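**Student:** Take a look at the following structure, please.
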Amino acid sequence: MSLVQTTLHSGVLTVTLHRPKAYNALNAELLTALLETVEQHRNDPAVRVWLFRGEGRAFVAGADIREMSAMDPEQARQYGALGHRVMTAVDTLPQVTLAAVHGAALGGGCELMLCCDMVLAREGTMLGLPEVGLGLIPGFGGTQRLARRIGWGRARAWLLTGETLPAENALAAGLVDQVFAKGAFDTSVEELASRVAARSAHAIATAKACLADSQPNLEPGLERESQNFAQLFSHKDAKEGLTAFQEKRPPKF
């Protein structure tokens, strides 16, 4: 079964990440499939809204720790570069992009939702960029896009503690746009996606282009993040953090 499944209905392209046994953890194979999906439908006139979802119990629990734990710095550089290509592809889509998050949106999953225009969360969802607890940093653009979304001060505190937040707190911080009750989540997300799909696609693409012009250039920061993410894989703290995670124990840095 495909790692990325798509359905198109009334202008809404639902993109479902499908590694439910791994809580949709982003390994290289899933990232590649997601990039191919985005590029395939980027210029499809039938697509007015992208709706990103995760199959099973979580949106995306993070990057694939088992895969990462075997990486040397060069392999980490390639993995990070792939993640950057995926996130930039999503970030620059001309259509409206919605992330419908449930369960957990951590690490790479949080970075994916940060690329979307709106984040819609189910109550009880946990969100965060906990990489410092692994001896790493976000590697797919999170250090830059988090600050762009919630401001430098809040981003600094969140990144440096590596703490996770429930959706309700993330809403107050501006990380999440709306929180829906569990029983109303699917219906509410679909209704919002349908309303947006009824708007002028040309006007939306133009508005997004204008909004992009108002944002600072992310490229220098993204390049610096990518370099440092890879270099951390040669440090003993990353080895200890990744090992401790798999052994389900606190790391000893």
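The values are calculated or read from the model by the stated rules, or taken from the named source; none is laboratory data. What you are looking at is a predicted structure, and each value in this text was computed from that prediction instead of being measured. With ideal geometry, Cβ positions are generated from the backbone for all residues, glycine too; neighbour counts draw on all protein chains shown.
**Student:** Restricting to region 103-142, what's the tally of residues that are touching a Pro at 6+ places or on another chain (Cβ under 9 Å), closer than 16 Å to M87 by Cβ, part of a helix (DSSP H, G or I) and not small (G, A, S)?
**Tutor:** Number satisfying all stated conditions: 3.
**Student:** Looking at this structure, is G80 more than 30 Å from K182 (Cα to Cα) and touching a His at 6+ places or on another chain (Cβ under 7 Å)?
**Tutor:** When the stated conditions are applied, G80 does not pass them.
**Student:** Something else about it: Do we have any residue at all in region 33-48 that's part of a loop (DSSP other than H, G, I, E, B) and of a type in the set (G, A, S)?
**Tutor:** There is at least one residue in region 33-48 that is part of a loop (DSSP other than H, G, I, E, B) and of a type in the set (G, A, S).
**Student:** Regarding region 178-192, can at least one residue be identified that is within 15 Å of the chain's Cα centre (by Cα), at pLDDT 95 or above and charged (D, E, K, R)?
**Tutor:** no
**Student:** Looking only at residues in region 44-58 that are among the hydrophobic types (A, V, I, L, M, F, W, C) and under 21 Å from T92 (Cα atoms), which one is farthest from the chain's Cα centre (by Cα)?
**Tutor:** Pass one, region 44-58, residues among the hydrophobic types (A, V, I, L, M, F, W, C): 46-47, 49-52, 58.
Filter once more, keeping what is under 21 Å from T92 (Cα atoms): 46-47, 49-52.
Numbers: A46: 24, V47: 21, V49: 17, W50: 14, L51: 13, F52: 10 Å.
Among those residues, the one meeting the criterion is A46.
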